[in-house]
1. Does S267 meet the test of being at pLDDT 80 or above, within 16 Å of ligand 1 (Cβ to nearest atom) and among the small types (G, A, S)?
2. Across segment 169-181, which residue is nearest to T143 (Cα to Cα) among those that are within 9 Å of ligand 2 (Cβ to nearest atom) and touching a Phe, Trp or Tyr at 6+ places or on another chain (Cβ under 8 Å)?
3. Given S166, S218, S206, S185, which one is away from ligand 1 (no atom under 16 Å from the Cβ) and within 20 Å of E142 (Cα to Cα)?
4. Can you report the number of residues in segment 37-56 which are touching a helix residue (DSSP H, G or I) at 6+ places or on another chain (Cβ under 9 Å) and assigned to a helix (DSSP H, G or I)?
5. Spot the failing condition for N134; the list is (1) at pLDDT 90 or above; (2) within 13 Å of ligand 2 (Cβ to nearest atom), and only one is missed.
6. Of all the residues that make up segment 227-239, how many are among the basic types (K, R) and either touching a residue at least 24 places away in the same chain (Cβ under 8 Å) or not assigned by TED's automatic domain parsing to the domain that holds K271 (or both)?
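The values are calculated or read from the model by the stated rules, or taken from the named source; none is laboratory data. What you see is a predicted model, and the numbers here were worked out from it, not measured in a lab. Cβ atoms come from the backbone with ideal geometry, glycine included; neighbour counts cover every protein chain shown.
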Amino acid sequence: MTGQSKNLAEMQESLSKMEGSQRSFTNMVILLASFGMLALTIWLYAKGEMGFEGILTCTIAMMGSFGPVVALSSLSNNLNQTLASGERVLSLLEETPLVEEIPGDVETSADQGVNSEESADRADRAFAGAEAENVTFAYGAETILDSYSMKLQPGKITGIHGASGSGKSTLLKLLMRFWDVQGGSMSVDGTDVRKIPTRHLRDMESYVTQETHLFHDSIANNIAIAKPGASREEIMEAAKKASIHDFIMTLPKGYDTEVGELGDTLSGGEKQRIGIARAFLHDCPLILLDEPTSNLDSLNEGIILRSLKESARKKTVVLVSHRVSTMNVADMVYEMENGRIS
Ligand SMILES: Nc1ncnc2c1ncn2[C@@H]1O[C@H](COP(=O)(O)OP(=O)(O)O)[C@@H](O)[C@H]1O
Ligand SMILES: [Mg+2]
């Protein structure tokens, strides 16, 4: 990836160098031609074959006519680039996702109309957890999960422990339905994920990835993307649970500090805790945490795991980690070894 970026930068540099030399060459030719014209007209004037106004007309016409011509010729350069860029944007837009979205709306108790009774029913009934049944999954030829089964009990913290590369992240991605399973089934809240409307599935799950991505916005808004319209109190509450509140208060503008202003000064652990704050803010029954403590010291790890334990009374939590200390808060632990339970 870095190699490709470097290559691109080098190519762009040589392209602009080429354009630059081309432009200076054209300008030089125009300048020489203009002087040539001036000399020619003066020579003709001296011979008496041309009047003074002839010199003026010719030289001015010569100089004046080249501007637009040059602009027109560089237009083709710019136009080529514009068209190529446009093509790339369009090809991105035309990409088809690996997993097809299931349309349909989310049934919430706020919904009105025909569905209101059914949604009230759903709101009353407790979240039913999630389950993997004989799941088989491969990226291409490499089988990652081989007839894997696992149950996520509602209201419990389920730990998944295993070495790096054993397929833990893959399992979470299958729960999110980033890919479809090749065998068996993955179900959330009692329904196969292939039958749940995508928006509803996203609303049920909070996924904290191994790498938290921050947007160029304030810290508060970065946390609030988990719940649009969240109040400042809610955001602070989530940040406290994620053990990042005290750090945010030390920043010059607190919660209104722009992430961009901080440059790269946020550590991996701080970003990770912002990601966890998002998960606490997103009010959903199923929380998927992928190595949430990998960049944290034991103090912050302790605080976060305690908050998790408290909020887990109402939620179903999957805690993926290769650390044994993190597994201590889990109610049950699955050991993962090359996609098999052991
Ligand atoms: N998008 C992908 N395409 C191909 N192979 C992948 C992809 N993601 C992960 N893998 C491979 O799948 C295996 C399991 O990865 P992962 O689920 O991330 O393991 P873990 O989270 O336990 O470290 C690894 O060997 C990894 O190289
Ligand atoms: Mg992983």
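1. In short, no.
2. Per the criteria, the residue is T170.
3. That would be S185, the only listed residue that is away from ligand 1 (no atom under 16 Å from the Cβ) and within 20 Å of E142 (Cα to Cα).
4. 11
5. Only one criterion in (1) at pLDDT 90 or above; (2) within 13 Å of ligand 2 (Cβ to nearest atom) is unmet by N134, namely (2).
6. Adding up the residues that qualify gives 1.
To keep it simple, each residue is scored yes or no on (1) farther than 18 Å from A163 by Cβ; (2) within 25 Å of the chain's Cα centre (by Cα).
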residue	(1), (2)
H245	yes, yes
I248	yes, yes
A279	yes, yes
L319	no, yes
M336	no, no
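Each row is one residue, and each column tells you yes or no for (1) more than 16 Å from ligand 1 (Cβ to nearest atom); (2) surrounded by fewer than 17 Cβ atoms within 10 Å (Cβ to Cβ); (3) farther than 19 Å from G269 by Cβ.
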{"position": "L175", "(1), (2), (3)": "no, no, yes"}
{"position": "K195", "(1), (2), (3)": "yes, yes, yes"}
{"position": "H200", "(1), (2), (3)": "yes, no, yes"}
{"position": "I225", "(1), (2), (3)": "yes, yes, yes"}
{"position": "M236", "(1), (2), (3)": "yes, no, yes"}
{"position": "F247", "(1), (2), (3)": "yes, no, no"}
{"position": "L251", "(1), (2), (3)": "yes, yes, no"}
